[in-house]
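**Student:** A single structure is presented below for examination.
The values are calculated or read from the model by the stated rules, or taken from the named source; none is laboratory data. Quick caveat, the model's predicted, so the values are computed rather than measured. Neighbour counts are summed over all protein chains in view; Cβ atoms, including those assigned to glycine, are modelled from backbone coordinates with ideal geometry.
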Amino acid sequence: MSDEIELSTKQGRIRGLIKKSVGRSNKLYYSFQGIPYAKPPVGNLRFKEPEPYGQWEDTRDATKEGGDSLQEHIIFLNIHGGEDCLYLNVYTTKIGEEGDRKAVMVWIHGGGFFRGSGSTEIYGPDYLIEEDIVIVTINYRLGVLGFLSLENEKLPGNLGLKDQVLALKWVQDNIDSFGGDPNNVTIFGQSAGGASVHYHLLS
């Protein structure tokens, strides 16, 4: 099933897809992919702290995933992705309804801080979505673009972690539009994603 659905958010109207999970219960859920949480970190914004994307005017297509950060592919080892990579995906079973909001889990991908993504290529939402929660997956800058540091004000480093922080702020500001509870958010990850969770707890 891949019918489209539209939703109003604080950033503007957005168009996603109605899908069915491949897990035990074949649960229907709503998929919104490629949502920008920051301005593209290119040109004058390269090696700068991320800036919130802001609003858009027309209905935004959220039926396809946003671009990955520039990297060597984690499976095929070819170079792919680009600098315009600060996107996230939201998967939910509840939108536009009154009542209790659902718990939110934000997935931070691994890959040694130099590859990987929040795409469904490796980790899809199908099994967790059957637990009736809201799932968010994020992309952040990797490698030199995300973690190079000159130990000065021009390039202090850890931009990839700052991308993650802005994505988490986006969740706080917007997840209620997707049926999620901004006061019940858990961040989790694998490998470098798990390390990122640790860094955020310490910061």
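**Student:** Considering only the stretch 134-171, state which residues are among the β-branched types (Val, Ile, Thr) and free of Cβ contacts under 8 Å to residues at least 40 places away in the same chain. Spell out how you get there, then give the answer.
**Tutor:** Kept after step one, since they are among the β-branched types (Val, Ile, Thr), are these residues of the stretch 134-171: 134-138, 144, 165, 171.
Across the stretch 134-171, the qualifying residues are VAL144, VAL165.
**Student:** Could you go through the stretch 92-101 and let me know if any residue there is of a type in the set (A, V, I, L, M, F, W, C), in a loop (DSSP other than H, G, I, E, B) and modelled with pLDDT of 95 or more. Steps first, please.
**Tutor:** Narrowing the stretch 92-101 to residues of a type in the set (A, V, I, L, M, F, W, C): 95.
Retained after the next criterion (residues that are in a loop (DSSP other than H, G, I, E, B)): 95.
Next cut, modelled with pLDDT of 95 or more only: none.
There is no residue in the stretch 92-101 that is of a type in the set (A, V, I, L, M, F, W, C), in a loop (DSSP other than H, G, I, E, B) and modelled with pLDDT of 95 or more.
**Student:** Restricted to the stretch 17-32, and to residues that are in contact (Cβ under 8 Å) with a residue 60 or more places away in the chain and not in a loop (DSSP other than H, G, I, E, B), which residue is farthest from GLY180 (Cα to Cα)? I'd like the intermediate steps shown before the answer.
**Tutor:** As a first pass, look at the stretch 17-32 and keep what is in contact (Cβ under 8 Å) with a residue 60 or more places away in the chain: 21-25, 27-32.
Right, trim to not in a loop (DSSP other than H, G, I, E, B) and you get 28-32.
On the way: LEU28: 16, TYR29: 13, TYR30: 13, SER31: 14, PHE32: 14 Å.
So the residue we want is LEU28.
**Student:** Quick check on the stretch 146-198: of everything there that is of a type in the set (Ser, Thr, Tyr) and loosely packed, with under 14 Cβ neighbours inside 10 Å, which residue is modelled with the highest pLDDT?
**Tutor:** Step one: of the stretch 146-198, the residues of a type in the set (Ser, Thr, Tyr) are 149, 177, 186, 191, 196.
Filter again for loosely packed, with under 14 Cβ neighbours inside 10 Å, leaving 149, 186.
Values: SER149: 95, THR186: 98.
Out of the qualifying residues, it is THR186.
**Student:** Find the residue count for the stretch 102-111, including only residues that are closer than 24 Å to SER8 by Cα and either in contact with a helix residue (DSSP H, G or I) (Cβ under 8 Å, 6 or more places away or on another chain) or part of a loop (DSSP other than H, G, I, E, B) (or both). Even if it seems obvious, please write down each step before you answer.
**Tutor:** Start the filter on the stretch 102-111 by keeping residues that are closer than 24 Å to SER8 by Cα, which leaves 102-107.
When the remaining residues are screened for being either in contact with a helix residue (DSSP H, G or I) (Cβ under 8 Å, 6 or more places away or on another chain) or part of a loop (DSSP other than H, G, I, E, B) (or both), the result is 104-107.
Count: 4.
**Student:** Kindly provide the set of residues from the stretch 108-132 that are under 24 Å from ASN26 (Cα atoms) and crowded, with 21+ Cβ neighbours inside 10 Å, ordered by number.
**Tutor:** Passing the criteria: GLY118, PRO125, ILE129.
**Student:** For the stretch 52-88, give me each residue that is more than 15 Å from the chain's Cα centre (by Cα), buried (at least 17 other Cβ atoms within 10 Å of the Cβ) and assigned to a loop (DSSP other than H, G, I, E, B). Let's see the steps before the verdict.
**Tutor:** So in the stretch 52-88, the residues more than 15 Å from the chain's Cα centre (by Cα) come out as 54-61, 70-83.
Now restrict to residues that are buried (at least 17 other Cβ atoms within 10 Å of the Cβ): 60, 70-71, 74, 81.
Scanning the stretch 52-88 gives LEU70, ILE74, GLY81.
**Student:** Now for a different question. Could you please find all residues in the stretch 112-141 being within 23 Å of LYS169 (Cβ to Cβ) and either over 14 Å from the mean Cα position of the chain (by Cα) or assigned to a strand (DSSP E or B) (or both)?
**Tutor:** Step one: of the stretch 112-141, the residues within 23 Å of LYS169 (Cβ to Cβ) are 113, 116-119, 123, 125, 128, 133-141.
Within the stretch 112-141, PHE113, LEU128, ILE133, VAL134, ILE135, VAL136, THR137, ILE138 meet the criteria.
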